[in-house]
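The values are calculated or read from the model by the stated rules, or taken from the named source; none is laboratory data. Just so we're clear, the structure is a prediction, and the values are computed from it rather than from any experiment. As a convention, Cβ positions derive from the backbone with ideal geometry for all residues, glycine included, and neighbour counts pool all protein chains shown.
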Amino acid sequence: MRSVLFAVLVVLAGLAPARADIVIEGSPGGEATTFLTFFEAVRQSGERVVIDGPCFSACTLALSVLPHNRICVTSRAILGFHAAKAVDWFGNERWDPEATRVVADAYPAPVRQWIRRHGGLTRRPIFLYGSALSRIYRRCG
């Protein structure tokens, strides 16, 4: 009976969807809606995100989309923030104050507070890493 129960558990475990961590080893960012779509899919999958290197610009939108308890950071994690840019039909970039407000408001409160203490979201990037980052997000273990 025990061996039958064990065999059933092994078969059921094989039927369960595999879960794997999403590891960010380095991302310079990119187009915001692409990242939002990706992180929304990750949120719905139930997977955890491990930030294990630079996560700049639109990559930081993970913090806005994913539950806090599904993000962890390593000692190599660095988050880079700056004001939002808009690109017109001709490829011209401009800084977008309204989009910057929307993005800033979407970050979790501890991240918003850290950004405020470091001058806010401007054209000049600011970087969250080390012990300051570990006070906001748990270390991967």
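Here GLY26 clears all of (1) of a type outside the set (A, V, I, L, M); (2) in contact with a strand residue (DSSP E or B) (Cβ under 7 Å, 6 or more places away or on another chain); (3) crowded, with 17+ Cβ neighbours inside 10 Å except the condition numbered (3).
In the range 121-136, the count of residues that are touching a Pro at 6+ places or on another chain (Cβ under 9 Å) and outside any strand (DSSP E or B) is one or more.
A quick yes/no check of all residues on (1) among the acidic types (Asp, Glu); (2) at pLDDT 95 or above; (3) more than 16 Å from the chain's Cα centre (by Cα):
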| position | (1), (2), (3) |
| --- | --- |
| PHE6 | no, no, yes |
| LEU12 | no, no, yes |
| ASP21 | yes, no, no |
| THR37 | no, yes, no |
| ILE51 | no, yes, no |
| ASN69 | no, yes, no |
| ALA77 | no, yes, no |
| GLY80 | no, yes, no |
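Kindly indicate whether ALA58 is small (Gly, Ala, Ser), assigned to a helix (DSSP H, G or I), without any contact (Cβ under 8 Å) to a residue 60 or more places away in the chain and in contact with a Phe, Trp or Tyr (Cβ under 8 Å, 6 or more places away or on another chain).
In short, yes.
Each residue in the range 100-118 was checked for being without any contact (Cβ under 8 Å) to a residue 24 or more places away in the chain and closer than 17 Å to PHE56 by Cβ, and 4 of them qualify. Checking each residue in the range 26-53 for being more than 15 Å from VAL103 (Cβ to Cβ) and in contact with a helix residue (DSSP H, G or I) (Cβ under 7 Å, 6 or more places away or on another chain) picks out SER27, PRO28, GLU40, ARG43, ARG48, VAL49. For the range 94-120, residues that are assigned to a helix (DSSP H, G or I) and in contact with an Asp or Glu (Cβ under 8 Å, 6 or more places away or on another chain) total 1. Per the conditions (1) surrounded by fewer than 15 Cβ atoms within 10 Å (Cβ to Cβ); (2) touching a His at 6+ places or on another chain (Cβ under 6 Å), the sole criterion not satisfied by ARG101 is (2). Looking at PHE39, is it touching a Gly at 6+ places or on another chain (Cβ under 8 Å) and either part of a helix (DSSP H, G or I) or of a type in the set (Phe, Trp, Tyr) (or both)? Answer is no for this residue. A search for C-beta distances below 7 Å between a residue of the range 35-54 that is over 17 Å from TYR137 (Cα atoms) and any residue that is of a type outside the set (A, V, I, L, M, F, W, C), counting only pairs 6+ apart in sequence or on different chains, returns GLY46/ARG19. With respect to ALA86, is the statement that it is assigned to a strand (DSSP E or B) and among the small types (Gly, Ala, Ser) true? Judged against the criteria, ALA86 is a match.
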